[in-house]
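Below you'll find the structure I mean.
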Amino acid sequence: MDYRKDFADFEGVAYLDIATQGVFPNASAAAARQAIEWKKRPDTLPAGIYFDLPNRVREKLGAVVGASPDDIAIATGATSGMTAVAVGMDFQPGDEVLIAKGEFPSHFSTWVPYQRAGRMTLKVVAPRGRFLTADDYIENLGPHTKLVSASLVRFDNGAKLDAKRVAKACHDHGIAFLLDISQAAGAVHIDLRDINADFAVSSGYKWLLGPYGAGFFWVNPASIKKLELGPVNWMSVDGSHNFSGLTNPDIKLLPGARRWDAAEPGSFSNLSAVEGSLDFILRVGVAEIVRLNRELQQEIIDRLPRDRCVLASPASADERGPYVCIQARKTDETVGLHQKLIASQVIVALREGAIRISPYLFNTSDHITRLVKALSVA
């Protein structure tokens, strides 16, 4: 199946950077344009869109990541869910949060302020080997550990965590587990019910192909009582759909994770495109996306000019997320290689001293040839 027709023409650009910014399928772009028309003419807004649209998005997100729609809150990104956990958990001085060395900055920006305020202690875990593993977290669990905050796929090298093992170890010790799936949702097989973390967060603009400013927060129903509740969005209250009778002082929350919805969860200007992208992912199927993505990754690895480059990701596809990272054989030349690729209109990312190459369904062997050619030129 040729999926290039489902996306815009990149006009000579080899775009290999989904891990930085996902690409709208054409259908999502059309849905976004329709949303703009609705805003131009609000009298044409479909009835019930403020509630029906976010609920459809919950259902489709659940199908992508193996979760019940009731356990999904509509968010503006991964940090929204992290903030809900930080605010909601009852941290006491001496409690410990584990994160890994080199984690994505949102993990640090969430927990460092709490440490500075004396609310908890941050413990940074360093990998024993080249790539972080479940054992690195498990061996650092201690009597004061209250939460582990980790990414399913590392942003800097693509290493994939055995999250189910970490979740079990955490629960065996009465510890909560927060999992960031931003670099996996939509492109890696995920079953949140099977992983059994307490919380999961994700941005929606990478592998979910949504707009910037979209995401979700998943709460394990068995863990919902671990979070104290503060102010909620008024649309998370039972009866909020009845616009002719909103002034009810008897606040009764809707069930599940909806209470953590971001403000204006029915933002049709964002969610229309989100739904279009989820429809595309579900039409193709996550399993097929994984298969095609792995083929492209393997071609990159097989054709890598080894006299100039080395692999900076796990070699095994099972231990790697949906992208490949490389470095120059002389590491101080990596930045120059990246600049050469960009100049050749091969769009990839430079992250933590490595070049991150994240292909998608619209990429072809011709794009890989251009990548290899640019890497090979002295």
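Restricting attention to region 27-55, and to residues there that are among the polar types (S, T, N, Q) and over 30 Å from Phe104 (Cα atoms), which single residue is least open to solvent (accessible area, probe 1.4 Å)? Write out each step before concluding.
Of the residues in region 27-55, the ones among the polar types (S, T, N, Q) are 28, 34, 44, 55.
Now restrict to residues that are over 30 Å from Phe104 (Cα atoms): 34, 44.
Details: Gln34: 83, Thr44: 64 Å².
So the residue we want is Thr44.
I'd like the full set of residues that are within 25 Å of the chain's Cα centre (by Cα) and either free of Cβ contacts under 8 Å to residues at least 40 places away in the same chain or surrounded by fewer than 19 Cβ atoms within 10 Å (Cβ to Cβ) (or both), limited to region 360-376.
Residue satisfying the conditions is Thr364 alone.
Now, a different point. Restricting to region 299-316, and then to whatever is touching a helix residue (DSSP H, G or I) at 6+ places or on another chain (Cβ under 7 Å) and assigned to a helix (DSSP H, G or I), can you tell me which residue is surrounded by the most Cβ atoms within 10 Å (Cβ to Cβ)?
Looking at the filtered set, the residue picked out is Ile300.
For region 39-62, what are the residues that are touching a helix residue (DSSP H, G or I) at 6+ places or on another chain (Cβ under 6 Å) and of a type in the set (A, V, I, L, M, F, W, C)?
Passing the criteria: Leu45, Ile49, Leu53, Val57.
Right, here's the next one. Pull out all pairs, ordered by first then second residue, where Cβ-Cβ is under 7 Å, the residues are six or more apart or on different chains, the first lies in region 118-137 and is among the aromatic types (Phe, Trp, Tyr), and the second is modelled with pLDDT of 95 or more.
These pairs meet every condition: Phe131/Asn157; Phe131/Ala159; Phe131/Pro314; Tyr137/Leu98; Tyr137/Val125; Tyr137/Val148; Tyr137/Ala150; Tyr137/Val166.
Results for (1) surrounded by fewer than 19 Cβ atoms within 10 Å (Cβ to Cβ); (2) aliphatic (A, V, I, L, M), shown as yes or no for each residue.
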site: Asn293; (1), (2): no, no
site: Glu319; (1), (2): yes, no
site: Thr334; (1), (2): no, no
site: Leu337; (1), (2): no, yes
site: Arg351; (1), (2): no, no
site: Ala354; (1), (2): no, yes
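Condition (residue is part of a helix (DSSP H, G or I) and touching a helix residue (DSSP H, G or I) at 6+ places or on another chain (Cβ under 9 Å)) applied to region 317-334: is it met by at least one residue?
The first filter runs over region 317-334 and keeps only residues part of a helix (DSSP H, G or I), leaving 317-319, 331-334.
Now drop any that are not touching a helix residue (DSSP H, G or I) at 6+ places or on another chain (Cβ under 9 Å), which leaves 317.
Yes, region 317-334 has at least one match.
When the residues of region 2-31 are filtered to those that are free of Cβ contacts under 8 Å to residues at least 40 places away in the same chain and part of a loop (DSSP other than H, G, I, E, B), which remaining residue is farthest from Ile355 (Cα to Cα)? Let's see the steps before the verdict.
Residues of region 2-31 free of Cβ contacts under 8 Å to residues at least 40 places away in the same chain: 2, 5, 8-9, 11, 26.
From what is left, the residues that are part of a loop (DSSP other than H, G, I, E, B) are 2, 8-9, 11.
Values: Asp2: 27, Ala8: 25, Asp9: 24, Glu11: 23 Å.
Checked region 2-31; the qualifying residue farthest from Ile355 (Cα to Cα) is Asp2.
Okay, moving on. Being on the phi < 0 side of the Ramachandran plot, hydrophobic (A, V, I, L, M, F, W, C) and part of a helix (DSSP H, G or I) is true for just one of Leu350, Leu292. Which residue is that? Walk me through how you get there before you give the answer.
Numbers: Leu350 fails: part of a helix (DSSP H, G or I).
Result of the check over Leu350, Leu292: Leu292.
Shifting gears a bit: If you scan region 175-193, which residues turn out to be assigned to a loop (DSSP other than H, G, I, E, B) and over 17 Å from Ala86 (Cα atoms)?
Ile181, Ser182, Gln183, Ala184, Gly186, Ala187, His189, Ile190, Asp191
Continuing with the same structure: Among Asp194, Asp162, Asp172, which is among the charged types (D, E, K, R) and within 19 Å of Glu96 (Cβ to Cβ)? Break it down into steps so the answer makes sense when it comes.
Working: Asp194 fails: within 19 Å of Glu96 (Cβ to Cβ); Asp162 fails: within 19 Å of Glu96 (Cβ to Cβ).
The match here is Asp172.
The values are calculated or read from the model by the stated rules, or taken from the named source; none is laboratory data. No experiment lies behind these values; they were computed from the predicted model shown. Backbone-built Cβ (ideal geometry, glycine too); neighbour counts: all protein chains shown. Protein only, heavy atoms only, side chains kept; ligands, DNA and RNA dropped before computing areas. Shrake-Rupley method; radii C 1.70, N 1.55, O 1.52, S 1.80 Å.
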